[in-house]
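Enquirer: Just dropping this structure here.
The values are calculated or read from the model by the stated rules, or taken from the named source; none is laboratory data. Predicted model only: the values in this text are computed from it and were never measured. A quick note on method: Cβ atoms are made from the backbone with ideal geometry, for glycine too, and the neighbour counts reach across all protein chains shown. Side chains are part of the model used for accessible areas, which takes the heavy atoms of the whole protein and leaves out ligands, DNA and RNA. Shrake-Rupley method; radii C 1.70, N 1.55, O 1.52, S 1.80 Å.
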Amino acid sequence: MAMMRLDKLLCDMGIASRSELRQIIRSGRVLVDGAAVTAPEKRIDSDSSRIVLDGRELIYKRFHYYMMDKPSGVLSATEDSRQRTVLDLLPAELKRMGLFPVGRLDKDTSGLLLLTNDGDFAHRVISPKSGIWKLYLAKVDGELDAEDVRAFKEGLILADGTKCLSAGLELLGRGNCLVKVTEGKYHQVKRMLASRGAPVLELRRLTIGGLELDEKLGPGGFRELQDRELDMLFGQDALEN
Ligand code: URA
């Protein structure tokens, strides 16, 4: 049983803002288990209550999981006084759900970014202890070779002494390479490649665990993850070493 205020519950579903919802509820448009509830503060069981708004049944989900193709030039943050954030790319009903980005991509990095309101999930995805691979496509200015591949696998030590866990480097030719890491230290991939004399020109995240970016989304596009995709995230089939 999960008891919640009715106005909060409807707000978390993205139905309307909290103040709009107070009016909607007071006007008797919301039925809970067949009876009108006109007190926004009324606590109801989010697991078992049948909620109907204007004749339409609403299904409550506590947690929400989305993927976005983050465009370059946008901050991985929930808000910023001067710059556009990934939350600014979402419609109002999703903004109201309390979504936040799972980890960060740099402003100039594009690709797969997860958004959720589930803190435990975010922690599990980000934590190096989970061992979830994040795969990046990088365009670099410089030559990389088999020695660099070996150094990545062994675990790089960056100029400031930062020790990196074992990582994958696959050379694709023409200055392109794939990098996979289980950690997400500050500018990690850029610093790793720069330490091998190959500064990054472009960086795009392609996968997290076994979950691939849906390239059909296009820059700034987003969609809800399916249950199957949430399982794939922690499955890693696509990326086993
Ligand atoms: N590593 C980086 O250097 N930047 C990113 O945005 C992600 C990983």
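Enquirer: Which one of Asp80, Asp120 is within 17 Å of the chain's Cα centre (by Cα) and assigned by TED's automatic domain parsing to the domain that holds Pro219?
Expert: Values: Asp80 fails: within 17 Å of the chain's Cα centre (by Cα).
One residue alone meets the criteria, Asp120.
Enquirer: From the set of residues in the range 90-106 that are within 23 Å of Val189 (Cβ to Cβ) and not small (Gly, Ala, Ser), which is farthest from the ligand (Cβ to nearest atom)? Lay out the reasoning, then the answer.
Expert: Initial filter on the range 90-106 (within 23 Å of Val189 (Cβ to Cβ)): 100-106.
After this cut, where a residue has to be not small (Gly, Ala, Ser) as well, the list is 100-102, 104-106.
Details: Phe100: 16, Pro101: 11, Val102: 12, Arg104: 7, Leu105: 4, Asp106: 4 Å.
Result: Phe100.
Enquirer: Let me ask something additional. Six or more apart or on different chains, Cβ atoms under 9 Å: show the pairs whose first residue is in the range 206-229 and more than 21 Å from Asp118 (Cα to Cα) and whose second is among the small types (Gly, Ala, Ser).
Expert: Leu206/Gly111; Asp214/Gly221; Pro219/Ser72; Pro219/Ser110
Enquirer: Something else now. Would you mention how many residues in the range 80-89 are away from the ligand (no atom under 16 Å from the Cβ), in contact (Cβ under 8 Å) with a residue 12 or more places away in the chain and open to solvent by 50 Å² or more (accessible area, probe 1.4 Å)?
Expert: Residues in the range 80-89 being away from the ligand (no atom under 16 Å from the Cβ), in contact (Cβ under 8 Å) with a residue 12 or more places away in the chain and open to solvent by 50 Å² or more (accessible area, probe 1.4 Å): 1 in total.
Enquirer: Tally up the residues in the range 88-144 that are at pLDDT below 95 and in contact with a Cys (Cβ under 7 Å, 6 or more places away or on another chain), please.
Expert: 1
Enquirer: Something else now. Determine whether the range 195-206 contains at least one residue that is open to solvent by 50 Å² or more (accessible area, probe 1.4 Å), assigned to a loop (DSSP other than H, G, I, E, B), within 12 Å of the ligand (Cβ to nearest atom) and out of contact with any helix residue (DSSP H, G or I) (no Cβ under 6 Å at 6 or more places or on another chain).
Expert: Among the residues of the range 195-206, at least one is open to solvent by 50 Å² or more (accessible area, probe 1.4 Å), assigned to a loop (DSSP other than H, G, I, E, B), within 12 Å of the ligand (Cβ to nearest atom) and out of contact with any helix residue (DSSP H, G or I) (no Cβ under 6 Å at 6 or more places or on another chain), which makes the answer yes.
Enquirer: Follow-up. Does at least one position in the range 212-224 carry a residue that is surrounded by 14 or more Cβ atoms within 10 Å (Cβ to Cβ) and touching a Phe, Trp or Tyr at 6+ places or on another chain (Cβ under 8 Å)? Show your work before the answer.
Expert: So in the range 212-224, the residues surrounded by 14 or more Cβ atoms within 10 Å (Cβ to Cβ) come out as 212-214, 217, 219-222.
Filter again for touching a Phe, Trp or Tyr at 6+ places or on another chain (Cβ under 8 Å), leaving 222.
Within the range 212-224 (the criterion being surrounded by 14 or more Cβ atoms within 10 Å (Cβ to Cβ) and touching a Phe, Trp or Tyr at 6+ places or on another chain (Cβ under 8 Å)), the answer is yes, since at least one residue qualifies.
Enquirer: Which members of the range 47-70 meet the condition of being within 16 Å of the chain's Cα centre (by Cα) and assigned to a loop (DSSP other than H, G, I, E, B)?
Expert: Here is the first cut: in the range 47-70, the residues within 16 Å of the chain's Cα centre (by Cα) are 63-70.
Passing the criteria: Phe63, His64.
Enquirer: Need pairs with beta-carbon distance below 6 Å; first residue on the phi > 0 side of the Ramachandran plot and within the range 19-42, second of a type in the set (Gly, Ala, Ser) and not in a helix (DSSP H, G or I); sequence gap 6+ or separate chains.
Expert: The qualifying pairs are Gly28/Ala36; Asp33/Ser49.
Enquirer: If you don't mind, another one. Can you find a residue that is in a helix (DSSP H, G or I) and either hydroxyl-bearing (Ser, Thr, Tyr) or surrounded by fewer than 20 Cβ atoms within 10 Å (Cβ to Cβ) (or both) anywhere in the range 94-101?
Expert: Scanning the range 94-101 turns up at least one residue that is in a helix (DSSP H, G or I) and either hydroxyl-bearing (Ser, Thr, Tyr) or surrounded by fewer than 20 Cβ atoms within 10 Å (Cβ to Cβ) (or both).
Enquirer: Given the criterion part of a loop (DSSP other than H, G, I, E, B) and more than 29 Å from Phe222 (Cβ to Cβ), identify the matching residue among Gly28, Gly73, Gly14.
Expert: Working: Gly73 fails: more than 29 Å from Phe222 (Cβ to Cβ); Gly14 fails: more than 29 Å from Phe222 (Cβ to Cβ).
One residue alone meets the criteria, Gly28.
Enquirer: So, in the range 108-117, of the ones that are buried (at least 17 other Cβ atoms within 10 Å of the Cβ) and either closer than 22 Å to Gly218 by Cβ or in the same structural domain as Ala16 (by TED's automatic domain parsing) (or both), which residue ends up farthest from the ligand (Cβ to nearest atom)?
Expert: Looking only at the range 108-117, we keep the residues that are buried (at least 17 other Cβ atoms within 10 Å of the Cβ), and these are 109-117.
The next check asks that each one be either closer than 22 Å to Gly218 by Cβ or in the same structural domain as Ala16 (by TED's automatic domain parsing) (or both); those that pass are 109-116.
On the way: Thr109: 3, Ser110: 9, Gly111: 9, Leu112: 11, Leu113: 10, Leu114: 13, Leu115: 16, Thr116: 18 Å.
By that ranking, first place goes to Thr116.
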